[in-house]
Amino acid sequence: MSAHISPELQKKIELMVESMPAFPRSVHKILDLTSDVNCAPKDVVEAIEHDPVMMGKILKLVNSAFYSMPRKVTSIKHAVIYMGMNTVKNMALSIATVGMLPKYNAARFDMSAFLLHSLVTGFVARKISEHIDRQEFDSIDFFVAGLLHDFGKVVLALSVPDLFAQALEMTKEGISLQQAEITMIGVDHSQVGAALGEKWNFPAPLVQAIAEHHQPELVSNILRDYVFAANQICKMKSIGYAGHDIVEPMSDLLMANLDGSLDTLLEKVGNLEPLIDEAKVFASL
Amino acid sequence: MEVKFWGVRGSIASPGPNTVRYGGNTTCIEIRAGKELIILDGGTGIFPLSQTLFPELPRKSHIFITHSHWDHIQGLPFFIPIFIPDNHIHLYGAFDPISNKGIEHVYDVQLQYSYFPIREAELKARMHYQSLSPGQTVHIGDVTIHTVLMNHPVTNLGYRVEYQGKSVFFTGDHEPPYNLCDKNDKDWQDYEALVVQKTTDIDDVMRDVDVLIADSSYTPEEYKQKQGWGHGTFDSCIKMAERIGAKRLFCTHHEPTRSDDALEKVFNEALERCKPKPSLDVQLAQEGLSIKL
């Protein structure tokens, strides 16, 4: 992991992540689906894709050095076609049997609201990507980056719950969560998420998008740009909750890259209600 | 280079009067390249193969496992050289991402008290295990073996064996990758692009091979009920052989319930239906059949 994470914290995180359970709904869904040998592959893919933990862990496995793929695997669809459905299904099953993220955790971090925020950020980023020049990326890359952008928060909530709880408390005084995390833990969730993504051999643009999703002034890639926008849209509309709801201002750079303000983007995307409803189904416990 | 089939049956050994001509043993292929002995898969066919090795012992044997399903490993505990000192057995195969174990896991599982009287630790030969990643290349003397990830319900490596300008490719068990959606589904296009990419990745390793040995378990009619089981059809194999410019195609992994007569019948119907180019020689793999390259 990268240099700014203390060796002690790094060890804690690595130990925790090894046995980290996934979200309850996808665990139930996977256990249910895999009890039928004829289950529809699409349903399994869908269950995995709507859970940041399952998604992260499966991307980790398929991108691991030992299983070296001819190219980086960026989505579950990709994993299914490359590794075969049965292998991906069994990977999901072995994650599901670890257990479920508890509804109440020591950090008092609302996992359900977090999942809703992550899902809608992914959905919105994907929706926007359908209206733009995606460069070398697919729509699914925007979804994955949106879904995983805050992955570091779950990791902190589970590996250093007391410190993370204090950081969450500090946001009530109006400071940003990442500033509070740095004060309490010495590292923020975007750094933790990116460090894990790097260790797990995620595609470089995805790691960069996670790393820089709170630094709109930095020149990054378009995954980051649109995930930043989608993240702000979710906060603006109070969809889900991931520890803080301060809408960060767009930088000049982003205004130029995204061809306008958040409002212009919102106009492009149109009605978000169907996306939110869909996400709510997946985020319900 | 010389290639000999010792087992051409899929799923389960099927001895008996109805399979006498093509053979009832499960997958095993012997390749001789100069002084090197390379064995592809350790189905029940590896037992009769091992009985022919006595005059050469002690020697090195390089066994490449395409995947760890029973019909491809069942003969391994009966590969006689493992019990005789001074033999060197090199076992190669894919790392298993689900159990997180390497290829040594195959013997570890088979040679347990409940299933076999001799433990792995008690084998007399020198055992060497090498887990392979897709895309990895192995050199054994002047022989080169390329690996590629095929499509089967467990990690299955296809092997391309090259020696002195000649080449053989064995698919192991393989179903051509296919789209998981209907054409009307919104995800169809995403999957289609991935299917094309995966097919091309495999084709690139098979390209222009002299001999292609491919899993052609089913007829297209049978396949309709068996999509997702991880096996190809006579038709898909002929199409694949033509696409990659193979000179000879051997159809293998014969269905255990298919009699010799029935096998010839469905094979001839496939030839009639597919009309392979005259430049492609298509045959059924047959136990005991040996070819020189």
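The values are calculated or read from the model by the stated rules, or taken from the named source; none is laboratory data. Remember, it's a predicted structure, so these values are computed and weren't measured experimentally. For neighbour counting, all protein chains shown are included, and Cβ atoms are generated from backbone atoms with ideal geometry for every residue, glycine included. Each accessible area value is taken on the protein alone, full model and side chains, heavy atoms only, with ligands, DNA and RNA left out. Shrake-Rupley method; radii C 1.70, N 1.55, O 1.52, S 1.80 Å.
The figures follow:
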{"quantity": "Label-point gap, in nm, between residue B:101 and residue B:208 - each point 7 angstrom along Cα→Cβ", "calculated": "4.2 nm"}
{"quantity": "Most mobile listed residue (A:220, A:129, A:94) in chain A, GNM with C-alpha springs under 10 Å", "calculated": "A:94"}
{"quantity": "Distance histogram for region B:81-165 (every C-alpha pair counted, 10 angstrom bins, percent rounded to whole numbers)", "calculated": "15, 39, 33, 12, 0"}
{"quantity": "Overall form of region A:23-99 per C-alpha gyration tensor (a/c, 1.5; a/b vs b/c)", "calculated": "prolate"}
{"quantity": "Calculated FRET value between residue B:239 and residue B:115, using beta carbons and R₀ = 45 Å, to 0.05", "calculated": "0.65"}
{"quantity": "Taking region A:105-256 and dividing mean pair separation by its residue count, relative contact order in percent (alpha carbons under 8 Å, at least six apart)", "calculated": "29 percent"}
{"quantity": "Residue A:259/residue A:68 FRET efficiency (R0 45 Å; Cβ-Cβ; nearest 0.05)", "calculated": "0.70"}
{"quantity": "Where A meets B: accessible area buried, both sides, 1.4 Å probe, Å²", "calculated": "2100 Å²"}
{"quantity": "Dipole magnitude of the protein assembly as shown, debye to nearest 20 (Cβ charges: Lys/Arg +1, Asp/Glu -1, about Cα centre)", "calculated": "1260 debye"}
{"quantity": "Largest to smallest accessible area among B:69, B:90 [probe 1.4 Å]", "calculated": "B:69, B:90"}
{"quantity": "Range in chain B, longest, excluding exposed chymotrypsin sites (Phe, Trp or Tyr not before Pro) [loop by DSSP; at most 13 other beta-carbon atoms within 10 Å]", "calculated": "B:116-293"}
{"quantity": "Sequence-separation-based contact order of chain A, relative, with Cα cut under 8 Å and 6+ spacing, percent", "calculated": "22 percent"}
{"quantity": "For region B:2-292: span of alpha carbons on each principal axis (Å, largest first)", "calculated": "59, 42, 41"}
{"quantity": "Percent carbon-and-sulfur accessible area, region B:73-112, ignoring ligands, DNA and RNA, probe 1.4 Å", "calculated": "55 percent"}
{"quantity": "Fraction of antiparallel bridges per DSSP, the protein assembly as shown only, in percent to nearest 5", "calculated": "50 percent"}
{"quantity": "11 Å reach of a label modelled at residue A:6, 7 Å along Cα-to-Cβ, counting backbone N of region A:161-194", "calculated": "A:184-187"}
{"quantity": "Calculated [θ] (222 nm, deg cm²/dmol) that DSSP helices of n ≥ 4 give over chain A, each run adding -39,500 (n - 2.57)", "calculated": "-19000 deg cm²/dmol"}
{"quantity": "Fluctuation leader among B:35, B:186, B:239 - chain B, Gaussian network, Cα springs under 10 angstrom", "calculated": "B:186"}
{"quantity": "Sites residue A:183 and residue A:136, calculated FRET efficiency, Cβ-Cβ separation with R0 45 Å, nearest 0.05", "calculated": "0.75"}
{"quantity": "Relative contact order, percent, chain B [alpha-carbon distance under 8 Å, six or more residues apart]", "calculated": "19 percent"}
{"quantity": "Cα gyration tensor category, rounded, prolate or oblate, for region A:138-285 with a/c compared to 1.5", "calculated": "rounded"}
{"quantity": "Once the Cα gyration tensor of the protein assembly as shown is diagonalised, semi-axes √(5λ) in Å", "calculated": "51, 26, 20"}
{"quantity": "For region B:250-293, accessible area per residue (1.4 Å probe, heavy atoms of protein chains only), Å²", "calculated": "51 Å²"}
{"quantity": "Antiparallel DSSP beta bridges within region B:1-72, percent to nearest 5", "calculated": "70 percent"}
{"quantity": "Region B:1-67 and region B:120-157: distance between their alpha carbon centers, rounded to Å", "calculated": "16 Å"}
{"quantity": "Distance between region A:126-171 and region A:1-66 - C-alpha centres, whole angstrom", "calculated": "15 Å"}
{"quantity": "Å² of accessible area per residue within region A:28-107, as computed with a 1.4 Å probe and no ligands counted", "calculated": "38 Å²"}
{"quantity": "Rounded to 10°, Cα long-axis angle of helix B:260-274 versus longest principal axis of chain B", "calculated": "40 degrees"}
{"quantity": "Distance-filtered residues of region B:173-192 - backbone nitrogen under 20 Å, label point 7 angstrom along residue B:227 Cα→Cβ", "calculated": "B:174-192"}
{"quantity": "GNM flexibility winner over chain A from A:127, A:153, A:172 (Cα, springs under 10 Å)", "calculated": "A:172"}
{"quantity": "Three-way shape call for region A:84-134 based on the alpha-carbon gyration tensor, with the a/c threshold at 1.5", "calculated": "oblate"}
{"quantity": "Kyte-Doolittle mean at least 0.0, axial Cα span of 18 Å or more - DSSP H helices of chain A", "calculated": "A:111-129, A:222-236"}
{"quantity": "Beta bridges by DSSP in chain B, antiparallel share as percent, to the nearest 5", "calculated": "50 percent"}
{"quantity": "With every protein chain in place, region A:53-101: carbon and sulfur % of accessible area (1.4 Å)", "calculated": "60 percent"}
